[in-house]
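Let me begin by presenting the structure, written as structure tokens, before commenting on it.
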Amino acid sequence: MVVRRNRIAREAIRSELAQSIKYTDLESKTIEMWIPITLIGSDQSVAADSTGDKLISHSGFDFNNFTNIVKHVKAAKFAFDYAWADTADGTIRLKDIRNGTVVAESSSKTGGESSVWEVVDCDISKLVSDASLYVYVNISSAGASGETVTVRRAYLVLKIEIS
């Protein structure tokens, strides 16, 4: 009987504490986590035989569904691997499709480069609650006819801090 009363009391205390603690009561950086969001899960190729920004379709992430998370984002990374065209030059970008803002951009790529992984810092001031982010390949110098750039995988990795 004593065990049962203690168990009931312990559960009542837990319940009361859970109801009375708000995230604003927590110390700074009490909860910190990195969340990877898949933008591209398998090879996606775009033509590299003309200049300009080439949208990689089906590579998007829309923050409209996650408006409460944006205020807790303290850092973000754009991670990807790729195979570059033999003779083209350019960059790989993470852009907001709604307003054309570049959130992250790779270093310049030249003909024939390939990478296992490249990680680029994102400008978190551009991660707004209505952002719709997509991966683009920006071709600054066109390659030969039929050349492509392939992005194998791409992730947006968000550092969330709740305090």
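Derivation of every value follows stated rules applied to the coordinates shown; laboratory data play no part. Every value quoted in this text rests on a predicted model; they were computed, and no experiment measured them. Glycine gets a Cβ as well: all are built from the backbone with ideal geometry, and neighbour counts include every protein chain shown.
This model, with +1 at the C-beta of Lys and Arg and -1 at the C-beta of Asp and Glu, gives segment 28-162 a dipole about its Cα centre of some 500 debye. Note on segment 28-162: lysine pairs with Cα distance below 23 Å, sequence gap of 8 or more or different chains, count 23.
Taking other C-beta atoms within 10 Å as the exposure proxy, Val119, Val70, Val137 rank Val119, Val70, Val137 from fewest upward.
Between Asp81 and Glu161, residue separation times 0.36 nm minus the direct Cα-Cα distance comes to 26.1 nm.
Between Arg153 and Ile97, the modelled labels are 2.3 nm apart [label points 7 Å from Cα along Cα→Cβ]. Taking Lys and Arg as +1 and Asp and Glu as -1, the other residues whose beta-carbon sits under 12 Å from that of Asn138 total +1.
Using a/c under 1.5 as the rounded threshold, could you call segment 28-162 rounded, prolate or oblate? The axes a ≥ b ≥ c are square roots of the C-alpha gyration tensor eigenvalues, and prolate needs a/b larger than b/c, oblate otherwise. Here segment 28-162 falls in the prolate category. The residues Arg98, Arg93, when put in order of fewest to most other Cβ atoms within 10 Å, stand as Arg98, Arg93. When each of His58, His72 is scored by the number of other beta-carbon atoms lying within 10 Å, the sequence from fewest to most is His58, His72.
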